[in-house]
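A short worksheet on the structure shown next.
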Amino acid sequence: RLYVGGSGPGNYSRIQDAVNATYDGDSVFVFSGVYCENVRINTSIKLIGENRETTILDSNQYLRNQSAIIIQKDYVTVSGFTIQNRKSSSDSYKGIGIAFDDAYKIWISDNSFINDSVGIDTDYYGSNIIISKNNFVNTTYGILTEYGDKIIIINNHIRNSETGIIAGGRNIIIRNNVI
């Protein structure tokens with residue numbers, strides 16, 4: 001297990017540095033704090049935040065139009081984060097919280113997406129994905145799954161967003177609260 005934001009051996013100050021050091025099957029535990037970075041995951045790992053209220057992936061003026069997390073490998077879990085301020089002023093498809101690049105068997109749960117253009121975008125041919133128990137507030141699009149397949153979207157809360165869920169393919173959408 002690797003750590004971010006704490007002290008001691010195996011601890012990193014940046015999430016991406018810890019992810020880069022992982023092998024398939026590893027876990028990265030991120031302690032509470034504000035992290036201004038983009039994370040690209042290309043190993044099968046669990047990325048776990050200490051507390052979704054206090055473990056924050058925030059943007060700055062240079063990161064606003066980019067994805068906070070891009071998943072490029074199968075068998076990835078992301079849980080326990082707030083991903084915020086990824087709202088693009090020029091393009092509603094930029095500024096994505098979590099995006100997939102041909103990834104399968106993914107679990108995204110217990111995260112908050114605040115003030116993002118798109119909370120979760122599975123449109124790059126993601127499949128066999130579970131999106132559960134996430135909060136979306138003030139997003140342009142909460143969840144986009146137009147081209148994703150076999151995606152389960154369950155027990156999410158979407159509030160003050162222009163569009164809650166856009167879905168296509170063979171997906172299951174149950175027990176979500178869209179206000």
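Taking every DSSP helix (H) stretch of at least 4 residues in the chain, weighting each as -39,500 (n - 2.57) and dividing the sum by the residue count yields a mean residue ellipticity at 222 nm of -1000 deg cm²/dmol.
Its Cα centre serving as origin, the chain has a Cβ charge dipole (Lys and Arg +1, Asp and Glu -1) of approximately 280 debye. Amide H contacts of SER67 (H built 1.01 Å from N, in plane; Pro and chain starts excluded): GLY95, ILE96 sit under 5 Å, all sequence-distant by 5 or more or on other chains. Between the amide H of THR82 and those of THR55, ILE56, LEU57, SER112, distances stay under 5 Å, these residues lying 5 or more places away or on another chain, with hydrogens modeled in the peptide plane.
Kindly rank 21-29, 70-78 from highest to lowest mean number of other beta carbons found within 10 Å of each residue.
Values: 21-29: 15.1, 70-78: 20.1.
Top to bottom by mean Cβ count within 10 Å: 70-78, 21-29.
Near SER44, the amide H atoms lying under 5 Å from its own belong to ASP24, GLY25; only residues 5 or more places off or on other chains count, and H is placed 1.01 Å from N.
Within straight-line reach of LYS105, meaning a Cα separation under 19 Å, sit the following aspartates and glutamates at least 8 residues removed in sequence or on another chain: ASP24, ASP26, ASP74, ASP121, ASP123, GLU146, ASP149. Size of segment 94-179 from its Cα atoms: along the principal axes, largest to smallest, the extents are 28, 28, 21 Å.
Show me 5-16, 30-41 ranked by packing, highest mean number of other Cβ atoms within 10 Å first. Walk me through the numbers before you get to the answer.
Details: 5-16: 13.8, 30-41: 18.0.
So the peptides 5-16, 30-41, ranked by packing, come out 30-41, 5-16.
Computed across the chain, the Kirkwood radius stands at 15.7 Å (inverse of mean 1/r, all Cα pairs). About its Cα centre, the dipole of segment 81-179 is roughly 320 debye, where the only charges are +1 on Lys and Arg Cβ and -1 on Asp and Glu Cβ.
Bear in mind these aren't lab numbers, they're just calculated from the coordinates by the rules spelled out. Model, not experiment: these values are computed from the prediction. No Cβ is skipped: glycine too gets one built from the backbone with ideal geometry, and neighbour counts run over all protein chains shown.
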